[in-house]
Amino acid sequence: MTIVLPLVLPTALYLMWLAVLRRLGRVRRRALPWVWLLGAGVAVLAIVLVVVTVGFGTPQRGVYIPPQWRGGQIVPGHIAPEAGR
């Protein structure tokens with residue numbers, strides 16, 4: 001969803017805009033600007049990925065313990081507090 005929605009959003013908005021103009025009788029017949037719509041989708045996707053990567057999550061201090069097999073079960077990976085803190 002994080003990737004598909006930003007790619008499709010400019011095209012969906014453009015098609016909705018064309019539908020409104022058709023209802024108002026102000027639209028001419030023209031081809032869809034696929035290159036511009038694709039470029040806008042890629043630009044929106046890049047912005048979303050940067051915001052999601054940089055803007056979310058809290059830095060956690062500690063040591064990452066990867067998933068382990070203990071007693072017949074998988075213990076999920078987690079961050080353990082650093083020793084001495």
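The portion of the accessible surface of the chain made up by carbon and sulfur, rounded to a whole percent, is 68 (1.4 Å probe; DNA, RNA and ligands excluded).
Seen against the Cα atoms of the chain and their longest principal axis, helix 34-55 is set at about 30 degrees.
Using the Cα centre of the chain as the reference point, and only Cβ charges (+1 on K/R, -1 on D/E), how large is the resulting charge dipole? Debye, rounded to the nearest 20. Intermediate values should be presented prior to the final figure.
On the way: 9 positive and 1 negative charges, 133 e Å.
Rounded to the nearest 20 debye, it is 640 debye.
Annotation: per residue accessible area for region 32-85 equals 85 Å², rounded to a whole number [probe 1.4 Å, protein chains only].
Rounded to the nearest 10 degrees, the angle from helix 4-24 to the longest Cα principal axis of the chain is 20 degrees.
If Rh is defined by the Kirkwood formula over all Cα pairs and Rg also comes from Cα, what ratio Rg/Rh do you get for the chain?
Values: Rg = 23.5 Å, Rh = 17.4 Å.
Result: Rg/Rh = 1.35.
The values are calculated or read from the model by the stated rules, or taken from the named source; none is laboratory data. Fair warning: this is a prediction, and the values are worked out from it, not measured in the lab. Positions of Cβ are backbone-derived with ideal geometry, glycine not excepted, and every protein chain shown enters the neighbour counts. We work out accessible area using only protein heavy atoms, side chains counted, and drop any ligands, DNA or RNA first. Shrake-Rupley method; radii C 1.70, N 1.55, O 1.52, S 1.80 Å.
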